[in-house]
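The values are calculated or read from the model by the stated rules, or taken from the named source; none is laboratory data. The structure presented is a predicted model; accordingly, all values stated were derived computationally and were not measured. When we count neighbours, we look across all protein chains shown, and the Cβ atoms used for this are built from the backbone with ideal geometry, even at glycine.
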Amino acid sequence: MTKAELAAYKAYPYETGTKGLICKNSRQIFIRGYEQAEKDLALTWQDIAKIDDMLREVENCIACIDLPTMGREEYYEEVLRRYNELKNESKN
C-alpha cells in the first residue's frame, strides 16, 4: 500500500453502507490529490541545477555573507532561503 493509500484510509476509515461508498470515492479523490502533490513537490534536474548555482553564489558572495564564520547549517539555510524565494517568485 502506498503512502497516499495509507493516508486516505486514515482520513476515510468507514467501509459499510452508503457511508462506505462515500468514503471509497473520497479515498480515490484523496489519493489522486496526494499523488499529484508528491509530483508537484518532486525536484527536477533543473531544480538541482538551480541549487548548484546557488551554492556557488553563496560561496562567492563573501560581501553579503560572512562565509568564513558561517557554519554548515547557516550556509545551507542561506541556499535554501534563496531557492525558496526563487520558487515563490516563479509561482507569482
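Within segment 21-29, is there a residue that is assigned to a helix (DSSP H, G or I), modelled with pLDDT of 80 or more, surrounded by 14 or more Cβ atoms within 10 Å (Cβ to Cβ) and not charged (D, E, K, R)? Yes: one or more hits. The set of residues in segment 61-85 being modelled with pLDDT under 80 and not in a loop (DSSP other than H, G, I, E, B) consists of LEU67, PRO68, THR69.
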